[in-house]
Every structure is written in C-alpha cells, then in structure tokens.
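Asker: Take a look at the following structure, please.
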C-alpha cells in the first residue's frame, strides 16, 4: 500500500491536472512504484508466491497501458518512459 505522500512524489511529473487519477501516464507511474516495492519485498521473501502472482498481474496491466499510450501518443510514451527509466519500444 502506498501512502498519499508516496503517490504524490511518484506522479508529480506526469499528472495532467490537479485531480488526475485516470490518465495512462498516472496509472503507469503508480504501477511502476508498486512494482518496485513488490520486487524489493520478493527479494526478501522468496517463497511469497501470492505476492509474486500479484506482481505479474501488475506488470501485465502496465504493459497494456504502455502499449496503448505508444499507439495513442508516441511522444508522451517516450517522455514517460524516459522519466520512469523504462525501456522504449521502437
């Protein structure tokens, strides 16, 4: 679970407006933070298979949103990938 401050810090560069919570950029940023936290958790707790399944679901959702953003707005996709440190598809 992310605190309100963590959410604000994770998404301050990608929000479209003050109350943005549904844009693909916002959702991708949130998924990225959750993925990083779950990855750190799974490094400590190797046998936590339920969390591993959740991590795989989040990764799949983020991938779908990234594909959508890449087709809808390639410039925003490249900018977001650069900000979050993700690999860019060509």
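Readers should treat all values here as calculations from the given coordinates under stated rules, not as data from a laboratory. All of these numbers come straight from a predicted model, not from anything done at the bench.
Asker: Given N residues in the chain, what is its alpha carbon radius of gyration divided by 2.2 N^0.38 Å?
Answerer: Values: Rg = 13.7 Å, N = 90, 2.2 N^0.38 = 12.2 Å.
So the chain has a normalised radius of gyration of 1.12.
Asker: Gain in length, residue 88 to residue 44, computed as 0.36 nm per residue apart minus the alpha-carbon separation, to one decimal in nm? Working shown, then result.
Answerer: Values: separation 44, 0.36 × 44 = 15.84 nm, distance 2.92 nm.
Value of the extension gain: 12.9 nm.
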